[in-house]
Amino acid sequence: MSDRIPTGTPRLDEVLNGGLLKNAINLIVGVPGSGKTILSQQVAFRNATAERPALYLSTLSEPLDKILRYGESLSFFDPAAVRDGRVVYEDVGQPLGEDGLDEVLSTVDGLLRRVRPGIVVIDSFRAFHAIARDVGVFRQFLYGLLRRMTAIAATSIWNAPYTRIQAIEEAEAAVADAIVALDVKQMAEREVRVLQVMKLRGSAYRSGEHSYRISKSGFAVFPRLAEAQNVSPYQLSNEHAATGITALDELLGAGGYWSGSTTLIAGPSGIGKTLMGLHFLYHGARTGEPGILATFHENETQLGRIVKSFGWSIDDPQVHIMARGVVDMDIDEWVYDLLELADRVHAKRIVIDSLPDLEIAAGDPTRFREWIFSLMQRLSRAGRSMMMIIEVPELFQLERVSEHGISHLADNVILLQYVQDGAELARALTVLKTRAQEHRPVVHRYEITGQGFVLGDVLTVQR
């Protein structure tokens with residue numbers, strides 16, 4: 001693998017297979033406002049040293065004082081690094097405007113001799129096109145600049161306000177060793193920031209679009225959760241994760257679900273899907289298996305009232321609540337928060353309530369299916385049991401359990417539905433599927449009492 005420099009964002013380094021290419025030309029393109037300047041400064045401050053400073057050159061895109069003023073508001077900006085010369089800001093806009101590209105090269109020569117940088121940032125490179133008399137003059141300038149960067153063995157970062165389509169048509173894209181494209185996309189009423197590696201010479205990288213956010217800390221990147229099937233061997237537990245409902249464990253035939261398996265709970269509104277998830281989590285808490293309830297419907301105050309009515313406590317240290325709203329939610333950002341929480345609390349059980357909320361946030365059915373597959377694979381290999389809740393529109397006879405083949409991916413499928421029992425409308429449960437173990441696929445009545453789920457007799461469903 002080629003030598004790398006870190007970007008200051010570990011997950012962006014993961015996308016780049018280690019970071020930006022060292023002693024190479026790294027082109028960062030994107031629409032205005034996508035964060036090119038912020039990312040370039042973040043890389044500069046992360047890698048600048050007294051021996052090999054970072055040289056930041058502004059052109060005709062933004063005045064240098066404006067770049068500095070906004071840069072100082074970011075946490076990675078280190079005023080001491082500017083004072084002691086580890087990061088050097090210079091404006092080459094004046095010679096660029098007055099004397100053209102030849103004078104720019106002369107100015108750059110002087111700065112390279114004085115600063116002896118390890119990193120050179122040019123913001124923005126597109127300004128050179130506007131000054132060049134013709135394509136031939138620009139290409140001569142480009143070659144001269146490239147030769148200088150190669151001679152001093154510096155890592156170059158060139159910014160340009162191009163879209164992805166525009167970028168591949170420009171001469172600097174041909175000489176660049178790496179191209180990272182930033183974009184702001186509209187998804188319904190939301191704006192989503194995405195980045196994509198378009199080129200990384202001599203190296204693999206994470207393909208596709210990856211979401212990111214910009215805050216005072218700089219770039220936070222959330223790599224696309226879409227992994228090829230991992231066929232390497234791993235240890236499967238022989239233990240079972242009890243459901244917390246004794247009669248249901250008996251129906252499953254071996255005392256519950258396999259540890260590390262994925263269970264889909266499907267049923268209409270008001271049938272008790274969330275309650276089944278709570279049984280699963282609080283039983284795990286009693287047996288020393290920490291759990292997470294990831295919900296989009298209730299906040300902790302509302303949940304506190306619900307769990308108290310069944311004899312549980314919202315303050316149970318073994319049950320962790322991750323309550324989020326679906327407005328302006330990015331599923332990749334959300335899933336990294338979930339995985340980090342799971343690692344921090346050593347979670348063995350995770351309940352997602354509910355799956356359709358994530359599907360809406362994904363915005364694309366194919367994207368959602370590969371995302372779910374990747375999440376299942378990660379949790380299974382970590383020995384974590386996941387329960388996914390999905391609401392179906394039919395109150396009685398269901399035409400389908402889930403869209404996009406999610407029930408096919410799940411190890412276990414539990415169906416909750418209403419059935420007509422004479423003059424009574426009864427709740428009923430059926431174990432439709434349990435992978436790699438016997439089960440009894442019969443329709444059982446159940447009641448919801450102060451103790452939660454209470455499974456009853458077998459029902460004869462009338463047609």
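Readers should treat all values here as calculations from the given coordinates under stated rules, not as data from a laboratory. These figures come from a predicted structure and were not determined experimentally. With ideal geometry, Cβ positions are generated from the backbone for all residues, glycine too; neighbour counts draw on all protein chains shown.
Within the chain, the longest run free of chymotrypsin sites (Phe, Trp or Tyr not before Pro) that sit in a DSSP loop with at most 14 other Cβ atoms within 10 Å is 1-233.
Calculate for the chain the 222 nm mean residue ellipticity that helices alone would give, adding -39,500 (n - 2.57) per DSSP H run of length 4 or more and normalising by residue count, nearest 500 deg cm²/dmol.
Working: 16 runs with 159 residues, N = 463.
Value at 222 nm, helices only, nearest 500: -10000 deg cm²/dmol.
Kirkwood-type hydrodynamic radius, the range 240-458: 17.5 Å, calculated from all non-identical alpha-carbon pairs. Across the range 122-195, C-alpha contacts under 8 Å between residues 6 or more apart give a mean separation that, scaled by the residue count, equals a relative contact order of 27 percent. Per residue, the convex hull spanned by the Cα atoms of the range 4-222 measures out at 119 cubic angstrom.
What's the whole-number percent of alpha carbon pairs in the chain lying beyond 35 angstrom? Could you put the intermediate results ahead of the total?
Working: 47999 of 106953 pairs.
That tail contains 45 percent of the Cα-Cα pairs.
Return the percentage of antiparallel bridges among DSSP beta bridges fully within the range 240-458, rounded to the nearest 5 %. In the range 240-458, approximately 45 percent of DSSP beta bridges are antiparallel ones. Using only Cα coordinates, the Kirkwood hydrodynamic radius of the range 63-185 works out to 15.9 Å.
Percent antiparallel among DSSP beta bridges with both residues in the chain, to the nearest 5? Mind dumping the intermediate values first?
Details: 39 of 88 bridges.
In the chain, approximately 45 percent of DSSP beta bridges are antiparallel ones.
With an 8 Å Cα cut-off and a minimum separation of 6 or more residues, compute the relative contact order for the chain in percent. Numbers along the way, then the final one.
Numbers: 912 pairs, mean separation 67.8, N = 463.
Relative contact order of the chain: 15 percent.
Note on the chain: dipole from Cβ charges, positive end direction compared against Leu251, Ile390, Val92; the farthest Cα belongs to Val92. The mean sequence distance of close C-alpha pairs (under 8 Å, at least 6 residues apart), as a share of the length of the range 240-458, puts its relative contact order at 29 percent. In the chain, taking the dipole from charged Cβ atoms about the Cα centre, the farthest positive-side position among Val454, Thr59, Gly110 is held by Gly110. Projected onto planes of every orientation and averaged, the convex hull of the alpha-carbon atoms in the range 226-367 covers 10.0 nm².
Rounded to the nearest 20 Debye, what is the dipole magnitude of the range 4-222 about its Cα centre when Lys and Arg each give +1 and Asp and Glu each give -1 at the C-beta? Walk me through the numbers on the way to the answer.
Working: 27 positive and 25 negative charges, 147 e Å.
Magnitude of the dipole: close to 700 debye.
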